[in-house]
Amino acid sequence: MARWPQGVWRIPAGAGFLDALARGLIAAADGDPDRLGRMTVLLPTRRAIDELARAFLIAADGEAALLPRLKPLGDVEAEELMLAEAGDPGSAADILDLPPAMSPLARRLRLARLIERWSARDHGQALTLDEAARLADALARLLDEALVEDVDLACLDRLVPEAYAKHWQEVLAFVDIVRRFWPEILAESGAIDAIDRRNRLIRAEAARLEAMPPADPVIVAGSTGSQAATRALIRVIARLPNGAVVLPALDETPDEDTRAAIRQDPTHPQHGLTRLLDELGLRPAAIPVWPGVPAAAVRAGRDRRVLLAEAFRPAETTDRWADLSHVRAAALEGLTRLEAPDPRTEATAIALALRETLEVPGRTAMLVTPDRRLARRVTGELRRWGLDIDDSAGRPLMSSGPAVFLDLIARVAAERMAPVPLLALVKHPLAGGGLAPGRFRAGGRLLERSLLRGPRPAADIAGLRAALDGALADGEAREAGRIRRAAAELRPWIDRLEACLGDFAAAMTAGEAPFDALLDAHVAAAEALAEVAAADLAEAMAAGGTAALPETGAERLWRGEAGEALMQALAELRDEAGVLGDVPTARYPALLSALLAERTLRPRWRSHPRLQVLGPLEARLLSADLVILGAMNEGDWPRDPGPDPWLSPAMRRQAGFPPAERRIGLSAHDAWALLSSPNVMVTRSAKVDGTPTVPSRWLLRLDAVIAGAGLARAEAAARVAIPLIAWARALDMVAPGPRPGPPAPVPPVDRRPRRLSVTQIETLMRDPYAVYARHVLGLEALDPVDADPGAAERGRFIHAVLDRFLREQAPAPAPLPEDAVERLLALGRRVTDELRLPPAVLAFWWPRFERIAAWFAGIERARRAHISATLTEIRGEFAFDAPGGRFVLSAIADRIDRLPDGSFAIIDYKTGAPPSTKEVQRGLAPQLPLEAAILDRGGFAGVPGATVSELAFWRLSGRRPAGEQRFVLKPGGDARALIDDAAAGLVRLITAFDRPDQPYHARPRAWAAPRYSDYVHLARVQEWQAGEDEA
């Protein structure tokens, strides 16, 4: 029988840890499958366990084998210990009395409540619960760190508060409160911290193994001993007659000076292993290679390990870089670098490398990156080849479909049916509302077009109904039929929405409510809204369409991995909700999101047998034929540990906590092991979001050593030889085609507009294509959803106020009342209430309107003595025969004043910039001359054809000056020439567009193009204008 490999062993980096471990254990079993099955192997992660099982399968050539007991290190069950210690009643009783572990959620909620009360007591203004929950995470990490490192929080007594800033004194006082009261909170709940319970069980296991050494082998493999309890277990297993410890990626080469520097440098990749070996009383050079590692693999990776040992050398010993002659060019074989201009190109290049791997049968590859955005980009790029690979590091549960659906419901209720979250909700794939999903979303689209584009309706379901009633009352005649049809569909749809969300929305209107009651109502609303009714299935089948089977909302909402994970998270939250008590309803969505933010949704099964996308933690101990380290930039490799909100670095040192930088050392060990792979590609982006990036500190060190060893040219040549960047760019490249020219549609004459307003005549002159798009194609721009009132709304507001004001006054020439300004302002307030203007918008507009009111009242008071009547917002038109048929010109004049001599003045209010006199004279701004032509022909109702002696724009900006009169024709003038020129020009224009071959050009004269158009994107102006500029 083969001798058992007792003691401490190492598997060199790059030698394939799990494969070598499996081969060694099979060899130690000496062909006895029963002996292999009696072994117990402890590994750091569950993924490593899965991959070791695969490694056994490969090593056994696919034959059936009895595998060892594979367990995560630290996953010791109390029941197992009780059975093992049945012969020791005292020990078994101690284990039986061990309290259960407090769940992470329960601990987080209790810590959040502590933080909230402390902030209210000591700062006068309590943190919100969601803010406290986020701080609770950092506080929980501090408690865990103390438990992991066996640091007694009584060490905080050694700190002198007066030595720190006032903020840290307050924080230290709170941490001290937690230290004193947290044990009481645990005792009340009948639980202990999970880390504490795990430590006790691990130590009990270590004590059991030491007292009663097992007859069967026990192996701990792949651990660096980063936690005190696991180090204690490793010490015991290393001394067992049938025990073995297999260390990963141990550097056996450092001399004593270097080892001393490593002990003092927590960021060094060998720091943890060095500390472990010190506790075991061993030196790295004395650790033999595990029997399962082929000698050829040890020799093959030696040069790479020498290179990495120099690159990661402690700063105190970098004077050794003066002589790097021992770093050989062979170290660069299989090590390639790829620098992309941006993350998208980097992701595409990585996806190409992964896809290329599949061209070789049996070849494997894995991407390892801490940047989850890059991981998602790569998995997205792989889908173009039909490769659906999950990111094994998982994704936030709150980004899953069911969680987003739940979050949207909370936001809709909290924001009282605000348009943006409401539309996102009703268009969500899970939304059914008792209808077929397609029909329900069709109702949502109708709601969007009819009510939610433009200014926000009033709050709640009642606000939607009021907006619908208002649309029916205010709709123009040509829109009345469409609005009535929309109302007939929307009323029952809104009723369904209220039936689903009404109870939860009503609960959210209270200032405070019990969290558990809100959660119950929230879940009930989600299930009701997700339901698909059977009646709609029958309707769909009768119509010859397809539809999903009728399902309850619960069936649809909690289906699949994401639904099950969310249901489990909510069930745990419901069980612990009593800790929170009453919460402000306005903060409920943020609180729920904060409490679920730490939940991760991981795939249950490996989605591809040969490709993997992993995080550094998941990749520990794993190997592949090609290893890609992505996003090798500072801030990703290594991750910045970030500031500790509870203890400053100086406080941590004085209290005896390990430095936060130790996490960098663990990440460095991961990088060391991965960079030792025989074939490894390192990628990074030169810029992220347009900002230049800094290469990882480890990459810069690697460059320094390569340059110092005289290998920079060889490394650069290898980098140039990689065509992936060029392939990534070529993948989506299209052959250049002809540059688009300006559109020039030529619709049939009978489809061309036969009625235009005076303002649209100006558009026809400046941008005929806009008239074509609106009047021939029937396209009109939609208002933005939940739009803040803009310049157009401000203009309508001021026009409406002035129109009502003038209509309410005694007819001219009666003087204005003394309180004219106050009346204008009162009218303004009424109109703002009718328009439901947001307070923030009103705060910006109102000061300007006050100045406009004062200016207008002054002008009107002076003007009244010189006019005999005023007409406002008056419609007019005149028609003439043209080659394409009768054409009608229409207008709505803001104001027409009858003057004492029988002539008329036409005034147009402009809240923006009015056209210049030159533009009017050149015919490019024909609005006032054409309105004068309509009046000249008696086209305004109640206004006989007469002379026009004044044309003016009144600019009402509200600035200083608040208003300004700009005359196109000064008082006492004669508009005959302007009228005749405008009318003749109109006839020529319409005659030209009645020619069958006359196109509707887009902006035929760039210098005369309108300042704004809704159809610029449709005409693709930027594309063909860029071509003209380049030409």
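The values are calculated or read from the model by the stated rules, or taken from the named source; none is laboratory data. Since the model is a prediction, treat every value here as computed from it, not as a measurement. In this analysis, Cβ positions are derived from the backbone assuming ideal geometry, glycine residues included, and neighbour counts consider all displayed protein chains.
A compact table of results
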quantity: Residue in region 970-990 that is more than 19 Å from Leu889 (Cβ to Cβ), of a type in the set (A, V, I, L, M) and either touching a residue at least 12 places away in the same chain (Cβ under 8 Å) or part of a strand (DSSP E or B) (or both) present; calculated: no
quantity: Scope region 742-762; condition assigned to a loop (DSSP other than H, G, I, E, B) and exposed (fewer than 14 other Cβ atoms within 10 Å of the Cβ); matching residues; calculated: Val746, Pro748
quantity: Residues located in region 558-569, provided they are farther than 16 Å from Ser399 by Cβ and touching a helix residue (DSSP H, G or I) at 6+ places or on another chain (Cβ under 9 Å); calculated: Trp558, Arg559, Met567
quantity: Count of residues meeting criterion [in contact (Cβ under 8 Å) with a residue 60 or more places away in the chain, over 13 Å from Gly615 (Cβ atoms) and of a type outside the set (A, V, I, L, M)] in region 639-651; calculated: 4
quantity: Flag for Asp703 being closer than 11 Å to Leu629 by Cα and either among the charged types (D, E, K, R) or at pLDDT below 90 (or both); calculated: no
quantity: Set Pro370, Pro361, Pro291: member being in contact (Cβ under 8 Å) with a residue 40 or more places away in the chain, not assigned by TED's automatic domain parsing to the domain that holds Pro12 and not in a helix (DSSP H, G or I); calculated: Pro370
quantity: Extreme residue, farthest from Thr253 (Cα to Cα), among residues of region 1-47 that are outside any loop (DSSP other than H, G, I, E, B) and among the small types (Gly, Ala, Ser); calculated: Gly37
quantity: Test: residue in region 684-691 that is closer than 30 Å to Ala15 by Cβ, outside the structural domain of Leu273 (by TED's automatic domain parsing), surrounded by 19 or more Cβ atoms within 10 Å (Cβ to Cβ) and modelled with pLDDT under 95; calculated: yes
quantity: Region 159-192: number of residues that are surrounded by 11 or more Cβ atoms within 10 Å (Cβ to Cβ) and over 17 Å from Arg113 (Cβ atoms); calculated: 12
quantity: Breaking point among (1) under 15 Å from Glu762 (Cα atoms); (2) surrounded by 18 or more Cβ atoms within 10 Å (Cβ to Cβ); (3) out of contact with any Pro (no Cβ under 7 Å at 6 or more places or on another chain), for Leu935; calculated: (1)
quantity: For Leu827: the one exception among (1) surrounded by 18 or more Cβ atoms within 10 Å (Cβ to Cβ); (2) in a loop (DSSP other than H, G, I, E, B); calculated: (2)
quantity: Any chance Ala261 is surrounded by 15 or more Cβ atoms within 10 Å (Cβ to Cβ), in contact with a Lys or Arg (Cβ under 9 Å, 6 or more places away or on another chain) and closer than 20 Å to Leu43 by Cα; calculated: no
quantity: Leading residue by the ranking (surrounded by the fewest Cβ atoms within 10 Å (Cβ to Cβ)) among those in region 907-932 that are over 20 Å from Gly795 (Cα atoms) and without any contact (Cβ under 8 Å) to a residue 24 or more places away in the chain; calculated: Lys918
quantity: Any hit, region 432-444, residues being in the same structural domain as Gly560 (by TED's automatic domain parsing), surrounded by fewer than 23 Cβ atoms within 10 Å (Cβ to Cβ), assigned to a helix (DSSP H, G or I) and among the aliphatic types (A, V, I, L, M); calculated: yes
quantity: Subset tally (residues that are part of a loop (DSSP other than H, G, I, E, B), more than 15 Å from Ala983 (Cβ to Cβ) and of a type in the set (Lys, Arg)) for region 899-944; calculated: 1
quantity: Looking only at region 719-741, and only at residues there that are of a type in the set (D, E, K, R) and outside any helix (DSSP H, G or I), the one that is farthest from the chain's Cα centre (by Cα); calculated: Arg739
quantity: Qualifying residue in region 980-990 (condition: farther than 30 Å from Pro745 by Cα and surrounded by fewer than 19 Cβ atoms within 10 Å (Cβ to Cβ)); calculated: yes
quantity: Enumeration of residues in region 580-596 that are surrounded by 15 or more Cβ atoms within 10 Å (Cβ to Cβ) and in a loop (DSSP other than H, G, I, E, B); calculated: Leu580
quantity: Enumeration of residues in region 276-299 that are out of contact with any Pro (no Cβ under 9 Å at 6 or more places or on another chain) and either of a type in the set (Val, Ile, Thr) or under 13 Å from Glu252 (Cβ atoms) (or both); calculated: Leu282, Arg283, Ala286, Ile287
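Matching residues to (1) hydrophobic (A, V, I, L, M, F, W, C); (2) assigned by TED's automatic domain parsing to the domain that holds Pro455; (3) under 30 Å from His866 (Cβ atoms):
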site: Phe797; (1), (2), (3): yes, no, yes
site: Arg807; (1), (2), (3): no, no, yes
site: Pro811; (1), (2), (3): no, no, yes
site: Asp819; (1), (2), (3): no, no, yes
site: Arg823; (1), (2), (3): no, no, yes
site: Val831; (1), (2), (3): yes, no, yes
site: Leu835; (1), (2), (3): yes, no, no
